[in-house]
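Undergrad: Following this message is one structure expressed as structure tokens.
The values are calculated or read from the model by the stated rules, or taken from the named source; none is laboratory data. Quantities reported herein were computed from a predicted structural model and do not represent experimental measurements. Reconstructed Cβ throughout: ideal geometry from the backbone, glycine too, with neighbour counts over all protein chains shown.
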Amino acid sequence: MPVDHIKMLCDISDLNSLLSEKTFTDCLQKAVEMVSSHMKADICSIYLYDEAYNVLTLKASKGLSPDSVNRIKLKPGEGIAGTALVEMRSIAEVNARSNPSFKSYPDSGEAGFDAYLAVPILRGRFKIGVLVVQRNSSRPFVEHDIMALQATASQLAAMLEHINLLMITDTASSKRHGASRSGTSSYRFVKAKSASGGIKFAPAVIKNGVRRHGPALFKGSGSRHTLEEFENAARSTESQLEDLQKKVEEKLSDAASLIFASHILMLKDEAFLGGMRRLIEGGTEPVKAVIAVFEKYKRIFSQSPNHLIREKVQDIEDLTVRLLDNLTQSETEETAYEGKIVIASELFPSDLLKLSAEGIAGAVLVSGGVTSHVGILARSLRLPLVIVDEPDLMNIPGDTPILLDADMGNIYLNPGVDILDRFSERLKEKTGADSTIDIIPGSCFTADGTRVFIRLNINLLSDLSQLNIDDFDGVGLYRTEFPFMIRNGFPSEEEQFFIYKKLIDGLDGRPATIRTLDIGGDKVLSYYDLQKEDNPFLGMRSVRFSLAHIDIFKQQIRAILRAGHGSDLRIMFPMISSLDEYLRARNVVESCMDELSANSYQFNTSPKIGMMIEIPSLIGIIDEMAAETDFMSIGTNDLIQYTIAVDRTNEKVSDMYLPHHPSILRSIARISEACSRAGIEVSVCGDMANREKYIPFLLGVGISSLSMDAVYIPRIKKEVGTLSMKECARIAERLLSTGRISEIESILNGTV
Ligand code: PEP
Ligand code: MG
């Protein structure tokens, strides 16, 4: 791409930051001016699409007469711009008038500028609008102009989606003179930062915590208490923690015991409560005594060279506040949180776990102050969470309807139907409204009777209860890093044994594929200093970490083997990059078995041992790999990232993250063929397995097992049921026959 086009992209990305300072109209105008100047275009226009009214409206232009703005309206399919939108493709014409869809607007000032390029602006599958540039026909747009404008459109898409929504809302409210289709006077938009994605629409509930300033807040309370009240408060705290643990354990057994165990342990530590007791007996007022002991511990812990101990400060603070709450009775009545979006000025990991167990829909954390721990925990609990510096949100009335778009970091208070309509599809997707699709019960077959194994991906044990156990074929991927991520230290072998056993018992004899620790990259452990790496996705992550920390690795393998006694156990190594590395990992399993039998443990003596295929270096040695392993599972999320060199978490390059890149398709076919030659099972457990449009290809190249999150299973079972293997093989053959992404897209979209 020429240098000035790259400069255009940089300028456009700066434009995003202007949004908060300028009005929408200014922003749009700036965008068209910038693009027209970089593209040396005489005209540049932005059309935005209003889905509710099915109309595309000219919203800004450099070059067309100003009165055309908001006046030129197109139906999708009408004009070249409308066609580009409907067909979701770029259209370039040397002479626009020769295009049968061309629509002329004589007063608009476009005469003479017939070289035309229209690029649709899309966010995923959602249509936002069209970006158009025009020049004199003597200077038609060429291939690199098209690429540059496409890159610009994708760069602008997020901002335009946002502007579009707000413009639609504004128009709707003014049209109705305040009569509330859009919530009107009370409608409010707040820009926040996403900490954990997801989209939810639910009433708000305010969580008034006193913990913002920690125990220090109680210092000035002036209240006086007795030793007896202190003892009562200690007892209440202990029983609350035990109740909490029990309650949460029913839903999140892997998480709960790990988080609250340390609080309970601390409370049982004689030096902690005993220290307080002694001060009170010596005449110190109980609140002051509690705070004095807390501060002493905090000082000692936070000065420790050991980061594991430093991390305990948060636990002890959490515990002390709970104790003080009980002593001063400052926490009043219980609030109902179920199904609501919690607005809080602070959230501790234990709060988030508790709220999640109570079934909240999402959370808004006002006035910053989030630890990465809370963000990670929210992600693992799949709770949408945003952070925003707007303390006045704590004052909104309870039950205010909120649309929380945590993917974008947007909060809509009192959104009208206009906005809700635009989110309706995504709300269904994100809330797992696939439950509206009746799941086909029992085993899964194609229309012509081929059995396809549908397995479940799980992160927390609670995922297991989302479906009837007979409606899927066991677990195809258990991401064991989650219990490691949500606690304050490495879980012991016994703690892991307990979690894995619970999973295996819940499967009632069906396969349990347990993936060993896959941390690093974007999955960090707050309690373990992984040391800064310039390229963490290419660094000390995943099985490399396990092999470099053999004690941690062995503890996990022993726990898995013991828990898997008498079950269909499959141990899976992530991020394997060579045969030698795989054999080293497999040797660790063998030596763990020797140790377990030497110590007379019961354990699974013949687990299947396999690996994920996520790194392209395995493709060249795939037959040798298949000969040594019991099964393979293709982790397409990482395989795509590493094959195309495109960061799966980077929004800026998300349009390059293509599961259907010809190299990915051919790699999957090669892996599948090698597994078939070796007579072993091959599955896909990355996100490609949950996209209907890729299922015919995957089945067509011989993938026999698909593993995905529970929410996708009803839809994918339904899709498989409509397919015939013969047709799948034919589609796969066609897809594998071309090296062009565009041709693959046409085949997948059914346009050729
Ligand atoms: C994958 O990479 O496709 C995969 C399933 O693993 P994860 O998403 O946990 O990295
Ligand atoms: Mg992966």
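Undergrad: Just checking, does segment 486-506 include any residue being farther than 19 Å from Ser705 by Cα, out of contact with any His (no Cβ under 9 Å at 6 or more places or on another chain), within 16 Å of ligand 1 (Cβ to nearest atom) and not in a loop (DSSP other than H, G, I, E, B)?
TA: No, because not a single residue in segment 486-506 is farther than 19 Å from Ser705 by Cα, out of contact with any His (no Cβ under 9 Å at 6 or more places or on another chain), within 16 Å of ligand 1 (Cβ to nearest atom) and not in a loop (DSSP other than H, G, I, E, B).
Undergrad: Just to be sure, is Arg544 within 16 Å of ligand 2 (Cβ to nearest atom), more than 26 Å from Val313 (Cα to Cα), charged (D, E, K, R) and modelled with pLDDT of 90 or more? Steps first, answer last, please.
TA: Details: within 16 Å of ligand 2 (Cβ to nearest atom): yes; more than 26 Å from Val313 (Cα to Cα): yes; charged (D, E, K, R): yes; modelled with pLDDT of 90 or more: yes.
The answer is yes for Arg544.
Undergrad: Show me the helices (runs of 4 or more DSSP H) entirely contained within segment 528-628 in which 3 or more residues are more than 16 Å from ligand 1 (Cβ to nearest atom).
TA: Values: elements: 543-548, 550-563, 579-598, 622-628.
In segment 528-628, 550-563, 579-598, 622-628 are the helices (runs of 4 or more DSSP H) which contain 3 or more residues that are more than 16 Å from ligand 1 (Cβ to nearest atom).
Undergrad: In the list Met625, Met632, which residue meets the criterion of being over 17 Å from Ser704 (Cβ atoms) and touching a residue at least 12 places away in the same chain (Cβ under 8 Å)?
TA: From the options Met625, Met632, the qualifying one is Met625.
Undergrad: What number of residues within segment 553-585 are surrounded by fewer than 18 Cβ atoms within 10 Å (Cβ to Cβ) and either of a type in the set (Lys, Arg) or at pLDDT below 95 (or both)?
TA: Qualifying residue count for the region: 2.
Undergrad: Identify all residues within segment 690-701 that are of a type outside the set (S, T, N, Q) and more than 17 Å from Ser724 (Cα to Cα); write none if there are none. Lay out the reasoning, then the answer.
TA: Step one: list which residues in segment 690-701 are of a type outside the set (S, T, N, Q), which gives 691-701.
Within segment 690-701, just Arg691 meets the criteria.
Undergrad: Additional query: What are the pairs, 6+ residues apart or on separate chains, where a residue within segment 571-594 that is touching a residue at least 40 places away in the same chain (Cβ under 8 Å) has its Cβ under 6 Å from a residue that is within 16 Å of ligand 1 (Cβ to nearest atom) and basic (Lys, Arg)?
TA: Met572/Arg515; Pro574/Arg515
Undergrad: Can you name every residue in segment 634-687 that is touching a strand residue (DSSP E or B) at 6+ places or on another chain (Cβ under 9 Å) and either within 14 Å of ligand 2 (Cβ to nearest atom) or in a loop (DSSP other than H, G, I, E, B) (or both)?
TA: Matches in segment 634-687: Ile634, Gly635, Thr636, Asp638, Leu639, Ile680, Ser683, Val684, Cys685, Gly686, Asp687.
Undergrad: Being surrounded by fewer than 22 Cβ atoms within 10 Å (Cβ to Cβ), in contact with a Ser or Thr (Cβ under 8 Å, 6 or more places away or on another chain) and under 18 Å from Leu639 (Cα atoms) is the filter here; which residues of segment 674-701 pass it?
TA: Matches in segment 674-701: Asp687 only.
Undergrad: Could I ask something else about it? Among the residues of segment 584-595, is any more than 16 Å from ligand 2 (Cβ to nearest atom) and among the hydroxyl-bearing types (Ser, Thr, Tyr)? Step through it out loud before you land on a result.
TA: So in segment 584-595, the residues more than 16 Å from ligand 2 (Cβ to nearest atom) come out as 584, 586-595.
Those left that are additionally among the hydroxyl-bearing types (Ser, Thr, Tyr): 591.
The answer is yes, given that some residue of segment 584-595 is more than 16 Å from ligand 2 (Cβ to nearest atom) and among the hydroxyl-bearing types (Ser, Thr, Tyr).
Undergrad: Follow-up question, since we're still on this one. Would you confirm, using the coordinates I've provided, whether Leu117 is in contact with a Leu (Cβ under 8 Å, 6 or more places away or on another chain), in contact (Cβ under 8 Å) with a residue 24 or more places away in the chain and under 29 Å from Phe189 (Cβ atoms)?
TA: no
Undergrad: Now a separate question. Across segment 688-737, what is the total count of residues that are of a type in the set (Gly, Ala, Ser), assigned to a helix (DSSP H, G or I) and modelled with pLDDT of 95 or more?
TA: The total comes to 5.
Undergrad: Which residue out of Gly521, Gly509 is free of Cβ contacts under 8 Å to residues at least 60 places away in the same chain, at positive phi and surrounded by fewer than 17 Cβ atoms within 10 Å (Cβ to Cβ)?
TA: Answer to the check: Gly509.
Undergrad: Out of the residues in segment 688-732 that are polar (S, T, N, Q) and within 16 Å of ligand 2 (Cβ to nearest atom), state the one that is nearest to Pro511 (Cα to Cα).
TA: Ser707
Undergrad: Which condition number does Asp623 fail, the rest of (1) more than 27 Å from Val589 (Cβ to Cβ); (2) surrounded by fewer than 18 Cβ atoms within 10 Å (Cβ to Cβ) being met?
TA: (1)
Here is a yes/no grid of residues against (1) touching a residue at least 12 places away in the same chain (Cβ under 8 Å); (2) away from ligand 1 (no atom under 16 Å from the Cβ):
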residue: Pro659; (1), (2): yes, no
residue: Ser667; (1), (2): yes, no
residue: Ala678; (1), (2): yes, yes
residue: Val682; (1), (2): yes, no
residue: Arg691; (1), (2): yes, no
residue: Ile703; (1), (2): yes, no
residue: Pro714; (1), (2): yes, yes
residue: Lys726; (1), (2): yes, yes
residue: Ser742; (1), (2): no, yes
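Undergrad: The conditions are (1) surrounded by 16 or more Cβ atoms within 10 Å (Cβ to Cβ); (2) under 25 Å from Asp655 (Cα atoms); (3) under 39 Å from the mean Cα position of the chain (by Cα), and Glu93 fails exactly one of them. Which is it?
TA: Going through (1) surrounded by 16 or more Cβ atoms within 10 Å (Cβ to Cβ); (2) under 25 Å from Asp655 (Cα atoms); (3) under 39 Å from the mean Cα position of the chain (by Cα) one by one, Glu93 breaks only (3).
Undergrad: Can you pull out the residues in segment 338-354 that are part of a helix (DSSP H, G or I) and either crowded, with 22+ Cβ neighbours inside 10 Å or within 18 Å of the chain's Cα centre (by Cα) (or both)?
TA: Residues satisfying the conditions are Pro349, Ser350, Leu352, Leu353.
Undergrad: Grab the helices (runs of 4 or more DSSP H) fully contained in segment 247-333, keeping just those with 3 or more residues being modelled with pLDDT under 85.
TA: Working: elements: 270-281, 286-302, 307-310, 312-328.
Because the criterion is at least 3 residues that are modelled with pLDDT under 85, the helices (runs of 4 or more DSSP H) in segment 247-333 that meet it are 286-302, 307-310, 312-328.
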